Amino acid sequence: KDAKEAPLTKEEVGRATWMLLHTIAAQFPDEPTRQQKRDAKELMHIISRLYPCKECADHFKEVLKANPVQAGSQAEFSQWLCYVHNVVNRSIGKPIFPCQRVAARWAVGDQEMKRPSVLIFLISA
Ligand code: FAD
């Protein structure tokens, strides 16, 4: 069988969620607007309420209380996210990730994420 059967495991949902969050942080503007800063903060708080694993969500609420979201710039948001991901890693016995490597780990390739503009370029060329 090609497709994996449901249900998803806690690990799969966790990996997918961290992938989305770190990718959002990697693409976050260097100089975000007030709305973008608010959105980043809201996103993290919504996840702490709706995350589909109750013990994870409850723990993450405490993590956010102790470490308020910092989204003043791309670098600040991705370093903050790396830090809180490490708080979760530590609490479940996973290795600590070196945050100086966060930009390299979560760099988004032009080909992968910017296909529409490549297409527009090809069409208009
Ligand atoms: P993940 O932790 O999913 O990480 C994915 C990849 O991100 C790694 O392979 C690595 O390349 C990279 N990475 C790792 N650490 C960092 C970092 N600090 N910064 C940047 N990149 C990094 N599971 C529980 O069992 N209990 C919980 O309480 C719990 N709480 C969670 C709370 C949230 C908000 C989320 C999103 C997930 C939570 N999980 C929890 C799931 C858990 O964090 C993992 O996602 C899951 O165990 C799978 O782990 P993994 O080894 O595949 O790597």
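The values are calculated or read from the model by the stated rules, or taken from the named source; none is laboratory data. Remember, it's a predicted structure, so these values are computed and weren't measured experimentally. For neighbour counting, all protein chains shown are included, and Cβ atoms are generated from backbone atoms with ideal geometry for every residue, glycine included. These area figures cover heavy atoms from the full protein model, side chains too; ligands, DNA and RNA do not enter into them. Shrake-Rupley method; radii C 1.70, N 1.55, O 1.52, S 1.80 Å.
Structure notes:
- ³J(HN,Hα), Karplus 6.51/-1.76/1.60, whole Hz, each residue of the stretch 37-54, x for Gly, Pro: 5, 4, 4, 4, 5, 4, 3, 5, 6, 5, 4, 5, 9, 9, 3, x, 7, 4
- Angle between the chain longest axis and helix 10-27 axis [Cα atoms, degrees, rounded to 10]: 50 degrees
- Taking a ≥ b ≥ c as the square roots of the eigenvalues of the Cα gyration tensor, the chain is oblate, since a/c reaches 1.5 or more and a/b is not larger than b/c.
- Packing here is the average count of other Cβ atoms within 10 Å per residue, and on that basis the peptides 15-28, 85-98, highest first, run 15-28, 85-98.
- Within the chain, helix-based [θ] at 222 nm, where runs of 4 or more DSSP H residues each add -39,500 (n - 2.57), nearest 500: -21000 deg cm²/dmol
- Packing rank of 40-53, 71-84, where each peptide gets the mean count of other beta carbons within 10 Å, highest leading: 71-84, 40-53
- Test item: Cα-centred dipole of the stretch 10-124, Lys/Arg +1 and Asp/Glu -1 on Cβ, debye: 200 debye
- Under the Karplus curve 6.51 cos²θ - 1.76 cosθ + 1.60, θ = phi - 60°, whole-Hz ³J(HN,Hα) for the stretch 69-80, x wherever Gly or Pro sits: 4, 10, 9, x, 6, 4, 5, 5, 5, 6, 6, 4
- Probe 1.4 Å, protein heavy atoms only - accessible area per residue of the stretch 23-70 in square angstrom: 68 Å²
- The relative contact order of the chain comes to 27 percent, based on Cα pairs under 8 Å that sit 6 or more residues apart.
- Gln70 long-range amide H proximity, modeled H, under 5 Å: none
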